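To start, the structure under review is shown below, and the notes come after it.
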Amino acid sequence: MTTEDDARFLAEQLLVAEAGDIAHGWRFLTLDNLTPLGRSDALLYEKALDTFEQAAGDRQRRHRGGPHSLTFGIRGDDADQRIAWLHARLEALNPPDPLGFASWDIRDGAR
C-alpha cells in the first residue's frame, strides 16, 4: 500500500465509524483552525468548552481535541438542535483574523 492508499483507507474507516455513531444517535461539530497562542486564545478555548457543556446539558457527550481542533459530540433525541445551538454560539465566539475574517472553521460532523 502506498501512503495515498493508506490515507484513503483511513478516511473510509472514519466515514464508517462516524456513520455508526450517527446511527446510534450521536451528532458532531468540529472546530478547526484553533491557534491558542496566548492568554486570550486560551480563554476563548475554555469558552468553547464551556459552551459545549451548556449545549450538551445532561445528555451523553464527548469531545476530542488535537493541536488545532476540537470535535464535540452529543447524543440524544434532541442532539441535532443542541448541535445547532452550539454552532450558533461558537460562531458568535469566533475571533476575526488579522484581515477581519472569521478565523475558526466550524463544520458539522466529526471529519
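List of remarks:
- When region 50-75 is filtered for residues that are of a type in the set (A, V, I, L, M) and farther than 25 Å from Ala23 by Cα, nothing remains.
- Residue count for region 4-37, restricted to those that are under 15 Å from Ser103 (Cα atoms) and modelled with pLDDT under 85: 4.
- Failed criterion for Asp58 (all others in (1) surrounded by 13 or more Cβ atoms within 10 Å (Cβ to Cβ); (2) within 16 Å of Trp85 (Cα to Cα) hold): (1)
- For region 76-99, a residue qualifies if it is in contact with a helix residue (DSSP H, G or I) (Cβ under 8 Å, 6 or more places away or on another chain) and either free of Cβ contacts under 8 Å to residues at least 24 places away in the same chain or under 15 Å from Ile22 (Cβ atoms) (or both), and the qualifying residues are Gly76, Arg82, Ile83.
- Sub-7 Å Cβ pairs linking a first residue in region 17-45 that is touching a residue at least 40 places away in the same chain (Cβ under 8 Å) to a second residue that is outside any loop (DSSP other than H, G, I, E, B) and among the hydroxyl-bearing types (Ser, Thr, Tyr), at least 6 apart or interchain, are Phe28/Thr71; Thr30/Ser69; Thr30/Thr71; Leu31/Ser69; Asp32/Ser69; Leu34/Tyr45; Leu34/Ser69, ordered by first then second residue.
- Residues of region 81-111 satisfying the condition of being of a type in the set (D, E, K, R) and modelled with pLDDT of 95 or more: Arg82, Arg89
The values are calculated or read from the model by the stated rules, or taken from the named source; none is laboratory data. Every value quoted in this text rests on a predicted model; they were computed, and no experiment measured them. Reconstructed Cβ throughout: ideal geometry from the backbone, glycine too, with neighbour counts over all protein chains shown.
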